[in-house]
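Below is one structure, written out as structure tokens; comments come after it.
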Amino acid sequence: MPQVDADGNEVGGVRLPEFAAPLATYAPWNLRAPALGAPDLRVSFEGSWLPFPKNATARLKAGDPRRSVEERYQGPEDYLARYAKALDQLIRERYLLPEDREALLRRGLDEWDYMLTGP
């Protein structure tokens, strides 16, 4: 069985920036919606994205044991610096190409923006 960290994210394998600077729990599985039937079965090839609460108030209200986004990061600059550090490590280890860095940084910033303005 894969091991997970305090956020529920797997710790084995290549540590992607989404895990090094997380905004959510990323699960490699997803249960079927009850309306589709068989709600206790998994959906093939579809994972889950379980976002962290935005702040401590939302975390306490939901009873979520994971730290909120505001409790983790001092703002978008802090988050993006941690995300970039993880990207740079993967580039040094030759898991990512240097020419993909800017596009991946934009993706990280897009996730931040979605997290704070999305649903």
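Each reported figure results from applying straightforward, stated rules to the coordinates on display, with no laboratory input. Note that the structure is predicted; figures quoted are calculated from it, not measured. Heads up, the Cβs are rebuilt from the backbone with ideal geometry, glycines too, and the neighbour counts pull from every protein chain shown.
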Note to self: Which residue, TYR95, GLN74, VAL11, has the largest displacement toward the positive end of the dipole of the chain when charges sit on each Cβ (Lys, Arg +1; Asp, Glu -1)?
What the structure shows: VAL11
Margin query: Per residue of region 78-88, what does 6.51 cos²θ - 1.76 cosθ + 1.60 with θ = phi - 60° give for ³J(HN,Hα)? Whole Hz please, x for Gly and Pro, Karplus curve as stated.
Written below: 5, 4, 5, 5, 5, 4, 5, 4, 5, 4, 4
Note to self: Helix-only estimate, please: 222 nm mean residue ellipticity of the chain, summing -39500 (n - 2.57) across DSSP H runs of length 4 or more and dividing by its residues, to the nearest 500.
What the structure shows: -12000 deg cm²/dmol
Next item on the list: With +1 on each Lys and Arg Cβ and -1 on each Asp and Glu Cβ, and nothing else charged, work out how big the dipole of the chain is about its Cα centre, in Debye to the nearest 20.
Entry: 220 debye
Item checked: Protection proxy ranking of 72-83, 16-27 - average other beta-carbon atoms within 10 Å, highest first -> 16-27, 72-83
Notebook entry, point to check: Separation of region 49-69 and region 1-34 by C-alpha centroid, Å?
Noted result: 16 Å
Margin query: Quick query: amide H of THR25 versus all other amide H atoms, modeled in the peptide plane; which residues come in under 5 Å with a sequence gap of 5 or more or a different chain?
Written below: LEU50, PHE52
Next item on the list: Compute the long axis of helix 101-117 from its Cα atoms, compare it with the longest principal axis of the Cα atoms of the chain, and write down the angle in degrees, 0 to 90, nearest 10.
Entry: 40 degrees
Checklist line | Stokes-Einstein D (µm²/s) once Rh is taken as the Kirkwood radius of region 1-96 over alpha-carbon pairs, at 20 °C in 1.002 mPa s | finding: 142 µm²/s
